[in-house]
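Student: Structure below; questions to follow.
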Amino acid sequence: MQVLPKGFRHLPGFLDRAAQEALVEEIRAVVAAAPLYTPEMPRTGQPLSVRMTNCGALGWVTDRTQGYRYQPTHPVTGAAWPPIPPSLLALWQSLLATSKPPEACLVNFYSDTARMGLHQDKDEADHETPVLSLSLGNTCLFRLGGQDRKDRTLSLKLASGDVVVLGGDSRMAFHGVDRIYPATSTLLKNGGRINLTLRRVTI
Ligand code: SIN
Ligand code: FE2
């Protein structure tokens with residue numbers, strides 16, 4: 001049996017189809033204001049296969065020269081990030097027992113061949129407030145480990161409308177996306193998967 005770390009929550013199908021469609025429209029508006037860009041690994045400059053943008057006061061970005069960081073502006077256009085849609089702020093409030101609102105919403109767009117290597121979310125000053133993550137579009141294979149890279153990992157599928165909370169012992173757990181399963185959702189007309197990750201950054 002796979003034992004999930006304390007504080008990890010997977011809420012399958014938390015968003016119904018109508019809520020998913022409404023959210024996709026909101027994300028389209030975010031992407032219109034803040035286009036998806038191709039992030040790069042620090043130092044090597046190797047491009048990530050996931051394209052990204054953000055909404056919120058702060059956005060998570062990475063490139064060859066400056067590496068992983070949060071900043072208030074888009075790295076390509078230089079414009080301030082658009083605000084986090086009110087529906088996502090409401091979701092955060094309803095699911096998390098915190099009075100601190102999220103400051104960053106990372107928008108990850110996976111083509112059907114994209115993946116994300118195992119990593120910890122640790123660029124935030126706040127390591128306590130949970131991370132809230134939503135899946136839209138094609139199903140992915142999500143891998144969750146422990147707080148040490150060498151810890152055993154387990155895998156679970158995340159489908160469109162699923163919500164994941166990395167809280168408690170899982171806040172600093174290694175995680176990644178091993179693969180996308182093409183044609184497993186009709187939500188996004190051109191396939192792929194969108195992941196929205198809401199985070200508190202400052203203390
Ligand atoms: C991430 O860890 O930034 C993304 C996780 C996911 O796509 O589900
Ligand atoms: Fe992450």
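Student: Using only the Cα atoms of the range 63-203, what do you get for the radius of gyration and for Dmax, in Å?
Tutor: Cα radius of gyration and Dmax of the range 63-203 are 15.2, 41 Å respectively.
Student: Give the lysines whose C-alpha is closer than 28 Å to that of K122, dropping any in the same chain fewer than 8 places away, or say none.
Tutor: Cα-Cα hits under 28 Å: K6, K100, K150, K157.
Student: Let me ask another. Give me P(r) over the range 115-193, computed from all C-alpha to C-alpha distances, binned every 10 Å, as integer percentages.
Tutor: The calculated distribution, bin by bin, is 19, 47, 27, 7.
Student: Taking N as the number of residues in the range 45-87, what value does Rg over Cα atoms divided by 2.2 N^0.38 Å take? Intermediate results must be reported in sequence, preceding the final value.
Tutor: Numbers: Rg = 11.1 Å, N = 43, 2.2 N^0.38 = 9.2 Å.
Its radius of gyration relative to the 2.2 N^0.38 Å reference: 1.21.
Student: Note down, for the range 18-144, the three equivalent ellipsoid semi-axes (square root of 5 times each alpha carbon gyration tensor eigenvalue), biggest first, whole angstrom. Don't skip to the end; give the middle numbers.
Tutor: Details: eigenvalues 95, 61, 55 Å².
Semi-axes, largest first: 22, 17, 17 Å.
Student: Given charges of +1 on the Cβ of Lys and Arg and -1 on the Cβ of Asp and Glu, with all other atoms neutral, how large is the dipole of the range 164-203 about its Cα centre, in debye to the nearest 20?
Tutor: Details: 6 positive and 2 negative charges, 33 e Å.
With only Lys, Arg, Asp and Glu charged at Cβ, the dipole is about 160 debye.
Student: Taking 0.36 nm per residue of separation and subtracting the Cα-Cα distance, what length does fully extending T65 through D16 add?
Tutor: Details: separation 49, 0.36 × 49 = 17.64 nm, distance 4.11 nm.
Working it through step by step, the gained length comes to 13.5 nm.
Student: What's the magnitude of the charge dipole for the chain around its Cα centre, counting Lys and Arg as +1 and Asp and Glu as -1 at the beta-carbon? Answer in Debye, nearest 20. If you can, show how the numbers build up before the last one.
Tutor: On the way: 22 positive and 18 negative charges, 87 e Å.
Dipole size: approximately 420 debye.
Student: Between the range 128-160 and the range 11-82, what is the separation of their alpha carbon centroids in Å?
Tutor: 18 Å
Student: Something else now. Just name one of G168, I27, W81: the one whose Cα is farthest towards the positive end of the charge dipole of the chain (beta-carbon charges, Lys/Arg +1, Asp/Glu -1).
Tutor: Farthest along the dipole direction, towards plus: G168.
Student: Leaving ligands, DNA and RNA out of it, report the carbon-plus-sulfur percent of the accessible area of the range 8-199 at a 1.4 Å probe.
Tutor: So the carbon and sulfur contribution to the accessible surface is 54 percent.
Student: Something else about it: So how much slack lies between S87 and L154, counting 0.36 nm per residue of separation and subtracting their Cα-Cα distance, in nm?
Tutor: Details: separation 67, 0.36 × 67 = 24.12 nm, distance 3.07 nm.
So the chain would gain 21.0 nm between S87 and L154.
Student: Counting other C-beta atoms within 10 Å, and keeping those with at most 12, which DSSP coil trypsin sites (Lys or Arg not before Pro) do you find in the range 38-96? Mind dumping the intermediate values first?
Tutor: Numbers: sites: R43, R51, R64, R69; in loops: R43, R64.
Of the trypsin sites (Lys or Arg not before Pro), the ones in loops of the range 38-96 whose Cβ has at most 12 other Cβ atoms within 10 Å are R43.
Student: Still on this structure: Compute the length gained on full extension between S49 and Y37: take 0.36 nm times their separation in residues and subtract their Cα-Cα distance, giving the result in nm to one decimal. Display every interim value, and only then the final one.
Tutor: Numbers: separation 12, 0.36 × 12 = 4.32 nm, distance 1.07 nm.
The span from S49 to Y37 would gain 3.3 nm if fully extended.
Student: Would you mind computing, in nm to one decimal, how far apart the modelled labels at T77 and D123 are, each placed 7 Å from Cα along Cα→Cβ?
Tutor: Result for the modelled spin labels: 1.9 nm.
Student: What number comes out for accessible area per residue over the chain if the probe is 1.4 Å? Units Å², please.
Tutor: Numbers: 9670 Å² over 203 residues.
I get 48 Å² per residue for this part.
Student: Taking only DSSP H segments of four or more residues, each worth -39500 (n - 2.57), what value at 222 nm results for the chain once the sum is divided by all its residues, to the nearest 500 deg cm²/dmol? Each step should come with its number before you reach the end.
Tutor: Numbers: 2 runs with 27 residues, N = 203.
The helix contribution divided over the chain gives -4500 deg cm²/dmol.
Student: Relative contact order for the chain: what percent, with Cα pairs under 8 Å and sequence separation of 6 or more? All intermediate terms of the calculation are to be shown ahead of the outcome.
Tutor: Working: 501 pairs, mean separation 55.0, N = 203.
Contact order relative to length: 27 percent.
Student: What does the C-alpha gyration tensor say about the overall shape of the range 71-140? Classify as rounded when a/c is under 1.5, otherwise prolate if a/b is larger than b/c, or oblate.
Tutor: Numbers: a/c = 1.41, a/b = 1.17, b/c = 1.21.
In terms of gyration-tensor shape, rounded.
The values are calculated or read from the model by the stated rules, or taken from the named source; none is laboratory data. From a predicted model like this one, the values you see are computed outputs, not experimental measurements. Heads up, the Cβs are rebuilt from the backbone with ideal geometry, glycines too, and the neighbour counts pull from every protein chain shown. Keep in mind that these areas ignore ligands, DNA and RNA; they rest on the heavy atoms of the full protein, side chains included. Shrake-Rupley method; radii C 1.70, N 1.55, O 1.52, S 1.80 Å.
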